[in-house]
Amino acid sequence: MAKILVVDDEALLRAMLQDALEEAGYAVVVAENGRDGIASAKADRPDCILLDVMMPGLDGYETCAAIKADPDLAAIPVLLISATTDLRVVDRAEQVGAAEVLPKPVPLEQLQQALAIALNPPQA
């Protein structure tokens, strides 16, 4: 069973994502901010991270960059969740090493497709 870390400052969205992911068969760990997300990534070693872009303190970009800079965490795919998914958001996400940007709120089918790709990347 794959373990997903959900990092979002909005308690309702965290709970909704946790419920949907657990119902789909994933183990879920949650964190409410970037610093806690990094600590949880180190402690829990998730298979994938869902990370909100707009958070107080460390935003999603900074959190993703910190995760990707850590050799022990760098291989974990990070999916950013953003209320806006325009080109600037996508470009910045690529710069910090995110695998994909998903709209907020995330349609469940799109989330499941993104997770399937992140957890089982095509072999080169």
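The values are calculated or read from the model by the stated rules, or taken from the named source; none is laboratory data. This structure is a prediction, so every number in the text was calculated from the model and none was measured. Ideal geometry is used to build each Cβ from the backbone, glycine not excepted, and the neighbour counts take in all protein chains shown.
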Subject >> Residues of the range 1-10 classified as in a strand (DSSP E or B) and among the aliphatic types (A, V, I, L, M), total >> reply: 4
Subject >> Looking only at the range 54-99, and only at residues there that are without any contact (Cβ under 8 Å) to a residue 24 or more places away in the chain, touching a Lys or Arg at 6+ places or on another chain (Cβ under 9 Å) and over 16 Å from K42 (Cα atoms), the one that is surrounded by the most Cβ atoms within 10 Å (Cβ to Cβ) >> reply: T85
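Matching residues to (1) modelled with pLDDT of 95 or more; (2) closer than 25 Å to M1 by Cβ:
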position	(1), (2)
A31	yes, yes
A41	yes, yes
P56	no, no
C64	yes, yes
D70	yes, yes
V78	yes, yes
S82	no, no
L108	no, yes
L111	no, yes
